[in-house]
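Worksheet for the structure shown next.
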C-alpha cells in the first residue's frame, strides 16, 4: 500500500517578496509550512543578502519549474565604491581599496560595453559546481580555483540614482545565469577603482513581478485567517511564453492517460505560427485547467508532463 504523503495536495505558484538575510531554501520551507503543502521548490536561488522576487512552486507547479529557470530577470542594485571584497558584496573580507570615486557620467560612459552578449566569469562565491562541490564551499575553505568564462545576455543596464559620491544605483534586465556581483566587479575594474554590491533586489523573474509579490510576513498572517488561496497563482503562470491549445474533455482524458491526440490541420498551422523556431512545446488546457505539457510532432500532441489538477 502506497504511503500517504504528509500535508495537503496544494498546487500553484507563489510570487514571494523574499526578505533580507533569508536563504531561498528556508523561504520555501516557510511557505510550505504556511500552506501545509506536500511539495515545494523555487525557480532560481536568490542570495540571502538580496531581497525581492522568489517564485515558489507548490505541488504540481513544481513540474513547471524548469520553464521559469530559463526566464529573463531584472535587478536593482547599489554599488559601494572604494572596497573590493572576497564575496563581491558587503559581507566579504576586504581584498583591495581605492580612493577613486567615479562620477555618474563616467559610469554611464562604460555601460554600453556591458550590454549585449558578453563574456562573464561567475563569482567564486556562487552555487556553480566544481568537481561535484559547490564553488562557495570551496571558496570558504580557501581552495584556489578558477571558474570558466561563459556567455551571458544583458539587455539593459542603466544608472537610476547616485545618492552620494560613494554609491551609485543601477537597474539591469538580463538573461539566465547573469551574476550582478560579477557585473559590479567588472564595472569597478573598467573604471579603475574598487567596488562591491551594497544592496541587491530582484524585481522580476519572467512574468513574476513586484506587482503580484507578497511579503512572507503577510503570507504567514493570511494563514491564520484562512485566506491563503488569495495569494496562490495558477500552475500555468510559469508557462506564459508557451502556446496553449484548448482540448475537448475526451482529448484531455487521453492526454491524462499519457496517450497522444491527433490535431486538426488548422490547429497545427496556428501552433506553428505561435511557436518559437525549433520549439515544439505546447500546453493543453481543458477550460481553465492545465492538462499536460506536450510536444507537437507529426500532427499530434504527445504528452510529456501530465498534471493531476482538479
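Overview of results
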quantity: Number of the exception - residue 126 against (1) modelled with pLDDT of 95 or more; (2) touching a helix residue (DSSP H, G or I) at 6+ places or on another chain (Cβ under 6 Å); calculated: (1)
quantity: The stretch 289-299: number of residues that are surrounded by fewer than 22 Cβ atoms within 10 Å (Cβ to Cβ) and touching a helix residue (DSSP H, G or I) at 6+ places or on another chain (Cβ under 9 Å); calculated: 3
quantity: Subset of the stretch 175-195 [outside any helix (DSSP H, G or I) and either modelled with pLDDT under 95 or closer than 14 Å to residue 150 by Cα (or both)]; calculated: 175, 176, 177, 178, 179
quantity: Number of the condition not met by residue 44 [criteria: (1) part of a strand (DSSP E or B); (2) under 25 Å from residue 172 (Cβ atoms)]; calculated: (1)
quantity: Any helices (runs of 4 or more DSSP H) falling wholly within the stretch 216-310 and containing at least 1 residues that are under 29 Å from the mean Cα position of the chain (by Cα) and touching a residue at least 60 places away in the same chain (Cβ under 8 Å); calculated: 216-224
quantity: Unique match (being within 25 Å of residue 24 (Cβ to Cβ) and loosely packed, with under 11 Cβ neighbours inside 10 Å) among 137, 141; calculated: 141
quantity: Selected residue (only one of 171, 149, 193 is crowded, with 18+ Cβ neighbours inside 10 Å and either in contact with a strand residue (DSSP E or B) (Cβ under 7 Å, 6 or more places away or on another chain) or within 15 Å of residue 101 (Cα to Cα) (or both)); calculated: 193
quantity: Set 19, 66: member being at pLDDT 95 or above, surrounded by fewer than 16 Cβ atoms within 10 Å (Cβ to Cβ) and either in the same structural domain as residue 220 (by TED's automatic domain parsing) or under 23 Å from residue 178 (Cβ atoms) (or both); calculated: 19
quantity: Single residue of 90, 140 found to be within 20 Å of residue 78 (Cα to Cα) and out of contact with any helix residue (DSSP H, G or I) (no Cβ under 7 Å at 6 or more places or on another chain); calculated: 90
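The values are calculated or read from the model by the stated rules, or taken from the named source; none is laboratory data. Remember, predicted model here, so these are calculated numbers, not experimental data. We place every Cβ from the backbone using ideal geometry, glycine too, and count neighbours over all the protein chains shown.
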